[in-house]
Structures are given as structure tokens and as C-alpha cells.
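The values are calculated or read from the model by the stated rules, or taken from the named source; none is laboratory data. Treat the numbers as computed from the prediction; the structure is a model and nothing was measured. Here the Cβ is made from the backbone with ideal geometry for all residues, glycine too, and neighbour counts use every protein chain on show.
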Ligand SMILES: [Zn+2]
């Protein structure tokens, strides 16, 4: 069971070809005569979801964007959307009925894609004549409900079920080419036109309920990292407040979602208190079903989305929710940032989601232990445990055993540091103090840099703090002390079996999944999987990896005939560290 919630994000960084950069330079020179323009430009986005079909699925959302920007020259990029973001295909290539008009009339547009690269690549829309005055952009974003065509991916894409749709802005919003030389798009207005939907339909986003004007601190990037949900929704509280906790969901879970959200509101209150960050804006929790990797989630701007499925265990999901919420309070190391810095954001989220849930009384010590041992079991049996941190970004999406490392290694590293800080300070200080110091550093002098952590941990623990951090990055096994998780638990070892898919893991991320590199003697081979078999349905693995008993089922196509093969994806048994309850202390004494 548990815990990978697909949360590590690749930062959206503009990757422009030289030609585009040059043309952008030309626009600046043409339109502003070289002078900087600090004007702000209001931007309005109207979402008009279609009526749900007989399957209760919303087939598309019509999007209208209006803004008055300085003229854009013929041939210069006007609008863009990423082609793929965090391994999720956006609507870029499926958009219909795209049109742009301005004060003169319709504007002819051509599309231009960035060359493929390892970074985020964009589709750009380029006008054939200079634009003038207010621009109105209209298009239809179809909702395909395709299941994770690129393999493991966070739940960001447009999806629909149960008379509602949802998705993150970065997967369906075509936005003006944002650049430091452009005016600020402010204020940003979100408008909902629900007239085609069934009566009672609701439109809600990370910015709040219904039609809203985003606070002036919000920019185009926060639109991309916001979630939008419309149609027949569950809400808690029923009337979402202007500031503080709200939640919205569609679909049916095997447990009461409203009860879960009542409990989640308490976690939010605990976090605002613990992090001394009182609510000044709406804080949204979005839930929806996930047919591939149920139980995962991803953090967004002032909000997060988590997913459930017919077999989701509510106690497991509670820790995922605590994890995602933790991200929104702790944030990430911004320099270097991205996946290479995810040891911090994911390690902190795994470590503190569990610990704060225990401190808040949301989980029992027994549940704490179970979650800890899931992480420990997955980490200490991981055949890729020694992968250097620098190699993680390139291999993250391709291999589940690499993908879990920032989570598992990061959280064990923080447990090691916590033990050392407590020992060095005679119990006066803990990892909490270092975490608060990091947040303080970001407030005082953003962006938050990796060296800030190195400075802090070296100041706290001496040179050992630095060398241990370097060892963690180079792939050394992180092992907390036997008493590293409070007074109730101690360390032991147990024979556990390594996760073994049984063939080349990269196959699962390819557009056509054809098995290759079958390992002789593996459970996959013994169960009958063959090189050349086509896997017709995406395979979730991240949680499975932490569960010694989880069975993997492959839906295959061989010689044109479908077949299904199930097996226990485990290889050799190795001695792995686990923690057990010790002594006779009451549950209340286990909090640390
Ligand atoms: Zn996470």
C-alpha cells in the first residue's frame, strides 16, 4: 500500500528557440521603442463546460480569453501552452475551433512547436499580421479521458465523470506568451458560464468559488498551477468561504468523502498553527477518481488535488492528503529546483505528513508505524538505492525504483538529521527548528537555495552536517538510529523481497508498450509474460513497490489475442530495516 503520491513537479521553464527569442526582441523594439512598460493588463478567462453526455461525461470545455496587450508583431509568438507538463499530455494537439480576433477583426494564426528537448516544450500561436487592441481568444478543449498515455503521471489532465470535469490550468489553458518584458496580466478574472450544464452545477477553482478576481499577487504562472472543477460537485463546507479551507470533489468513493474533508479541515487548522501561517486566501482540496494510480495526488497553487479509486483505503489516503497539504506549506528548494531538489520537498513531505498526523492525533502510533515501515521496506529493498541524486531527473519517469528515491531517501535523511540535532542539543532542538529556519530564509531572501540547507545543517552539526548531506546526494544509504522515531519504536531487520517488474521498466512509459528485456527466472517470466507482448493498459507501480503482497496484473495482447497475466513482482529477499513497537508506553507517550 501507499505512498507514492505523484507530486514532484518539473518547473515550467520557457524553452525558446533562438528564432523565437529574436522575434520577441523585435516586438519589444517595435512596440515599445525600447522603453520598458510597467502597465498592467486585465485578463479574463471564461470557462463554459458542455452538457454531460448519457455516460455523465462532459465532452469538452469552451474557453474564452480576453486581454488588451501591446501589439504583437506579425510572426511573433502571441500565445502558448506546454505540449507535455510533468509527463502529462496537455490539450495542445487536440484543441478545436481555435480563433483569435482583435479590434481589426479575425487574426490568422499559425502554430509552431518548440523542438523536442528534455525540458518543457511549448506549442506557440503566431499571428500573420500585427495585433491591435483587445484580443479575444476562443477554443474548445476536448476531454478524452485517456488513461495516462505516457506512464506514471500526476492527476493534472482534464478528466470527466459523474457529471463534472476537472483539470489543472497548465494542461488546458492557452495563455499569452509571458515574458519579463511584457506587462503584468492583472487582475486575472475567472468567469464560469454553466448555462449548458444541468441545474445546480458549480464552478470552482484554486482561486475560490465561482466568478472570482484573483489577488494581485497572482500571475499567469499561478493560473497554470491552479485546479478547475465544474459541474455536479460535492462541496465541504457547503458554502465555500472567501478565506481558509474549502473542498470540492466529483465521483463516488468507497468511503464518505465529506467525513474525510471534515477531518482534513482539522489537519489544515493544525498546519496553519504549526507553521504560523494563518489563512489569508482560500485554500482548496480537490478530489477526483483516478483509474490508473488511485490514491496519489499533487500540490498546486494554494491547493492540491488527490485521487481515489474503488479500492482506496481511507487511512492511506489521509496520509496522502497530509503529504500534499504539507507541500503547500513547506514548498520546495527553488535553486537549483525541479526534480534534482525533490529530496527536500518530497523528503520533508513524507517525514512530516506522518509525524504531524501523529502529533495532531489524526493517526494512531500503530498507523504511524505501518506507514514508516512501508517507506522503510520500499527504501531498503530498492535495487536502485545507490543511484546518485544527480541522476534522478533523467530516470525519474522511466523507473519506479528511481522515482521513489527522493521520497524514501529524503525522508530517511531527515530522520537521521533529526536524531543528530536532538543528540547535539541535548534534546532542546529538533528538525522542526531547521525547517522553520528554511522557511524564514525563503521569506527573507527568495529564492530558496540548496546552499541555505547546507549552511543550516553545518551550523547545527558542524562539518559532519555537510559531509552527510553530500553522502546522501551521492547515494549513500540513510539509516536513522534505532530510537530515531521516538520512544515507542525501535529498529530491527526483516527479510523482505526486492521489487522486480521482470522486464525493462522503461517499456511502461512508451507510447506502444512492447515487453522487452524479460528477466530469465523472474516472476514475470514464470507467470508467462513474453518479450514482444503488448501491454494494453497502463500499470501503476509506485505504491505496489512498498507492498510485499501486491499482485501486478498485466493486460496483454499477443498474436492479436488479449490475455491477462498476474504475478507477485518480487525478486531476491534481502535484510531490510524495519521499526517495531517496544516497551509498555501508552500511545500518548509515542508523540515526538
Ligand atoms: Zn509529494
### Query
Pick from region 278-333 the residues that are within 13 Å of the ligand (Cβ to nearest atom) and assigned to a strand (DSSP E or B): which of them is surrounded by the most Cβ atoms within 10 Å (Cβ to Cβ)?
306
#### Entry: Count - residues of region 84-116 that are surrounded by fewer than 19 Cβ atoms within 10 Å (Cβ to Cβ) and farther than 30 Å from residue 397 by Cα
11
## Note on the structure
Residue pairs qualifying under the 6 Å Cβ cut-off, at least six apart or on distinct chains, with the first in region 384-409 being under 20 Å from residue 497 (Cβ atoms) and part of a helix (DSSP H, G or I) and the second being more than 14 Å from the ligand (Cβ to nearest atom) and modelled with pLDDT under 95, are 400/541; 400/545; 402/395
### Query
Across region 53-83, what is the number of residues that are assigned to a strand (DSSP E or B) and surrounded by 18 or more Cβ atoms within 10 Å (Cβ to Cβ)?
9
### Message
Go through region 397-418 and report how many residues are within 23 Å of residue 352 (Cα to Cα) and surrounded by fewer than 22 Cβ atoms within 10 Å (Cβ to Cβ).
### Response
2
### Query
Which number in (1) on the phi < 0 side of the Ramachandran plot; (2) part of a strand (DSSP E or B); (3) touching a strand residue (DSSP E or B) at 6+ places or on another chain (Cβ under 6 Å) marks the one condition that residue 97 misses?
(1)
### Task
Check residue 252 against each of (1) within 19 Å of residue 306 (Cβ to Cβ); (2) assigned to a loop (DSSP other than H, G, I, E, B); (3) at pLDDT 95 or above and name the one condition it does not meet.
(3)
### Message
If I ask for residues that are at pLDDT below 95, within 23 Å of residue 379 (Cβ to Cβ) and either out of contact with any strand residue (DSSP E or B) (no Cβ under 9 Å at 6 or more places or on another chain) or part of a loop (DSSP other than H, G, I, E, B) (or both), which ones from region 508-547 would you list?
### Response
509, 539, 540, 541, 542, 543, 547
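Could you check how many residues of region 548-576 are part of a loop (DSSP other than H, G, I, E, B) and closer than 25 Å to residue 293 by Cα? So that I can check it myself, show each step before the final result.
If we filter region 548-576 for residues that are part of a loop (DSSP other than H, G, I, E, B), which is where we start, we get 548-551, 559-560, 568-569.
Restricting the remaining residues to those that are closer than 25 Å to residue 293 by Cα gives 548-551, 568-569.
Here the count works out to 6.
Quick check on region 383-411: of everything there that is more than 15 Å from residue 345 (Cβ to Cβ) and within 16 Å of the ligand (Cβ to nearest atom), which residue is modelled with the lowest pLDDT?
In the first step, residues of region 383-411 are kept if they are more than 15 Å from residue 345 (Cβ to Cβ); the result is 383-388, 390-391, 394-395, 397-402.
The next check asks that each one be within 16 Å of the ligand (Cβ to nearest atom); those that pass are 397, 400, 402.
Details: 397: 84, 400: 91, 402: 96.
This residue is 397.
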### Task
May I ask you to list pairs of residues, at least six apart or on different chains, whose Cβ atoms are under 9 Å apart, with the first in region 323-336 being at negative phi and the second being part of a loop (DSSP other than H, G, I, E, B) and within 12 Å of the ligand (Cβ to nearest atom)?
323/3; 323/5; 323/7; 324/5; 324/7; 327/7; 332/8; 332/9
### Message
Can you tell me which condition residue 6 does not meet? The list is (1) surrounded by fewer than 22 Cβ atoms within 10 Å (Cβ to Cβ); (2) at pLDDT below 50; (3) closer than 26 Å to residue 328 by Cα, and all the others hold.
### Response
(1)
#### Entry: In region 344-358, residue farthest from the ligand (Cβ to nearest atom) [restricted to those that are more than 19 Å from residue 378 (Cα to Cα) and in contact with a helix residue (DSSP H, G or I) (Cβ under 6 Å, 6 or more places away or on another chain)]
358
### Query
Scanning for something buried (at least 19 other Cβ atoms within 10 Å of the Cβ), within 16 Å of the ligand (Cβ to nearest atom), at negative phi and assigned to a helix (DSSP H, G or I), does region 436-455 turn up at least one residue?
no
### Task
Answer yes or no as to whether residue 555 is out of contact with any strand residue (DSSP E or B) (no Cβ under 9 Å at 6 or more places or on another chain), farther than 14 Å from residue 496 by Cα and surrounded by fewer than 18 Cβ atoms within 10 Å (Cβ to Cβ).
no
### Task
Go through the residues of region 364-378 one by one and say whether even a single one is within 14 Å of the ligand (Cβ to nearest atom), touching a helix residue (DSSP H, G or I) at 6+ places or on another chain (Cβ under 9 Å) and on the phi > 0 side of the Ramachandran plot.
no
### Summary
Out of (1) touching a residue at least 60 places away in the same chain (Cβ under 8 Å); (2) crowded, with 23+ Cβ neighbours inside 10 Å; (3) within 30 Å of residue 583 (Cβ to Cβ), the one residue 366 does not meet is (2)
